[in-house]
Amino acid sequence: MSETHQITHEAERAFLVGAQLRGTKPILTLSESLQELAMLADTAGMVVVGETTQMLHKVDSATFIGSGKVQEVIEAVEALEAQAVIFDDELSPRHQRELSKKLGDDIKLLDRSALILDIFAQHASTREGALQVELAQYEYRLPRLTRQWTHLARQAGGLGGSGGVGVRGPGETQLEVDKREIGRKITKLKEEIEKVRQHRRRHRQQRQKTGIPVVALVGYTNAGKSTLINALSNSDIYVADQLFATLDPTTRRIVLPSSREVLISDTVGFIQKLPTTLIAAFRATLEEIVEADLILHIVDVSHPSVLSHIETVEDTLAEIDVIDVPRILVWNKMDNWDDAPLPQIKDSDEYIAQVYVSAKERTGFDNLLQSIADVLVKRFERTKLLVPYDRGDVVSLLFQSARVLEQEHTNDGIIMDVELPVSLYERYRNYEYVEKSDVQAD
């Protein structure tokens, strides 16, 4: 039996297995984590027919869970006519090999990482997303190859492969050929993703020249980011009540009450135990967060594990080195909140403000937009510029990159009262206007 399996998107019957080491305090309880795993299975098109859990003194080196629990799983799978077994933690290659032997050839064995990778593969609708997911899949599968899983590159369906297997050298096994082929594909994918990264960098630099602030949305998967960006921008990004309903990054333009335009960029939702290969593959996309002027951390106030979700997102942000970007905590889905007082993270220096909204009902937006404006105003410099009439290009750029509060036509040129991003202030400093009375006073 192969070590890992591409999920066919029929309603396969899945049995879930969760385990926790005694004495540890994971972000989610074992029960909460299995509930999330069930939602992942549902998103992948499977139906959960049963589950079991075990508290471990230590992880079994061969089968992850104890031998008695393995036998219990085998009996439950047979009784429930399950077709797949899904572990809530990432299994090592040895765990997968030994468990596959015990479960038999007719039962698919998956872990949380393989399941998430499959869901991402289903939901990646752009070339960039497909490249990133394909790279993560290959890097996950490479150490899990065995002699039983050969001719990999010909199995293009689930892996996005496009080439044939290389010619086998003298004494070279099919497994070695497959590993070499995957290595070649990984190298090529990394090169293509680097081109995407450079393309994004050029776009960001161009965007920074215009001076339009960028606000990045982050949050645990299914917190309502897409619904919020739709409501704020009157757009129609796909929304569904499931994990990872949207994957590819989306940017929309909105106007604040102060008339300043900002770009709001949605990013992939986070989740606990997100595969490290996936974080690495999506680094090009996640750089949008690092380069943002402001982060809106969206949370589902009605979720019983909301505090754990906040911790997971903050841990992931730290992992991709997001440190200095100011953040606003946005408690979403307030239409589902009946309790008092309002939820709040107390004694936190991480958030400049905490606001309460319902993206579905479009309530609380005034406070949200004002909070965004209050943060961004500190990142702008107000000044007066005198632009000669023959520099219409500068006037045009100022209207694109700054907020023009007032302008006055004089004999010497146009006096423009503007708010500039601090990053652009030096560029226009030569045009700074000095009142004649100020000069005389000097």
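Just so you know, all these numbers are worked out from the coordinates, no wet-lab data involved. The structure displayed is predicted, hence computed values, not measured ones. Positions of Cβ are generated from backbone atoms using ideal geometry, with glycine treated the same way; all protein chains shown enter the neighbour counts.
Hand me the chymotrypsin sites (Phe, Trp or Tyr not before Pro) from the range 354-424 located in a DSSP loop with no more than 14 other Cβ atoms within 10 Å, in residue order please. Before the final figure, lay out each step's value.
Details: sites: Tyr356, Phe365, Phe380, Tyr389, Phe399; in loops: Tyr389.
For chymotrypsin sites (Phe, Trp or Tyr not before Pro) across the range 354-424 that sit outside H, G, I, E and B with at most 14 neighbouring Cβ atoms in 10 Å, the list reads Tyr389.
Could you tell me the distance between the Cα centroids of the range 71-131 and the range 385-431, to the nearest Å?
60 Å
Nearest 0.05, what FRET efficiency do Val255 and Ala130 give at R0 = 45 Å with Cβ-Cβ as r? Numbers along the way, then the final one.
Working: r = 33 Å, r/R0 = 0.74.
Rounded to the nearest 0.05, the efficiency is 0.85.
List every residue whose amide H lies under 5 Å from the amide H of Gln407, counting only residues 5 or more places away in sequence or on a different chain, with H placed 1.01 Å from N in the peptide plane.
Asp417
Run down the lysines and flag those whose C-alpha is under 27 Å from the C-alpha of Lys58, throwing out any fewer than 8 positions away in its chain.
Lys25, Lys69, Lys101, Lys102, Lys108, Lys273
Across 5 Å bins from the origin, how do the percents of Cα pairs in the range 12-118 run, short distances first?
All Cα pairs considered, the percentages come to 2, 13, 26, 27, 22, 9, 2, 0.
Could you give the spread of the C-alpha atoms of the range 212-377 along their three principal axes, from largest to smallest, in whole angstroms?
Principal-axis extents of the range 212-377 (Cα, largest first): 40, 38, 34 Å.
Run the reach check for Lys333 against lysines, Cα to Cα strictly under 22 Å, same-chain hits fewer than 8 apart removed. What comes back?
Lys225, Lys346, Lys360
Any idea how far apart His199 and Leu342 come out in nm if each label point goes 7 Å out from Cα toward Cβ?
4.2 nm
Where a Cα-Cα gap under 28 Å defines reach, which lysines qualify for Lys384, not counting those fewer than 8 residues away within the same chain?
Leaving aside lysines fewer than 8 places away in the same chain, those within reach of Lys384 are Lys209, Lys436.
In Å, what Rg and Dmax follow from the Cα atoms of the range 340-442?
19.7, 62
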